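Structure first, then comments.
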Amino acid sequence: MTTKHVRRSYSFACLNCGHGWEESTYDIDVSVSEHARITADYHLAGQRAPSPLQSPRCPACEGRRIRIMRPGRVNSARSHES
């Protein structure tokens with residue numbers, strides 16, 4: 001089994017209520033088994049966390065219609081608000 005460590009950050013926008021938020025950087029250990037099965041273990045602030053890509057929920061309305069974007073998109077939009 002081989003394992004590669006990567007770091008990723010994401011921005012999220014709820015398509016139900018319009019709430020936007022940024023997640024901290026995830027530490028991800030991606031492993032490939034001898035049978036070519038790929039698994040990814042996500043960690044946030046040193047604690048194991050569920051994948052933010054599998055079934056994200058809006059912290060404001062608990063909605064599941066979420067757009068996932070590259071990091072910085074929500075903060076950039078906020079800086080342009082009046």
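Cβ separations smaller than 6 Å between residues 6+ apart or across chains give the following pairs from the stretch 13-40 residues that are over 17 Å from S55 (Cα atoms) to residues that are among the acidic types (D, E) and at pLDDT 95 or above: D29/D41. Residues that are within 29 Å of E62 (Cβ to Cβ), among the β-branched types (V, I, T) and not in a strand (DSSP E or B) do not occur anywhere in the stretch 31-46.
The values are calculated or read from the model by the stated rules, or taken from the named source; none is laboratory data. Note that the structure is predicted; figures quoted are calculated from it, not measured. As a convention, Cβ positions derive from the backbone with ideal geometry for all residues, glycine included, and neighbour counts pool all protein chains shown.
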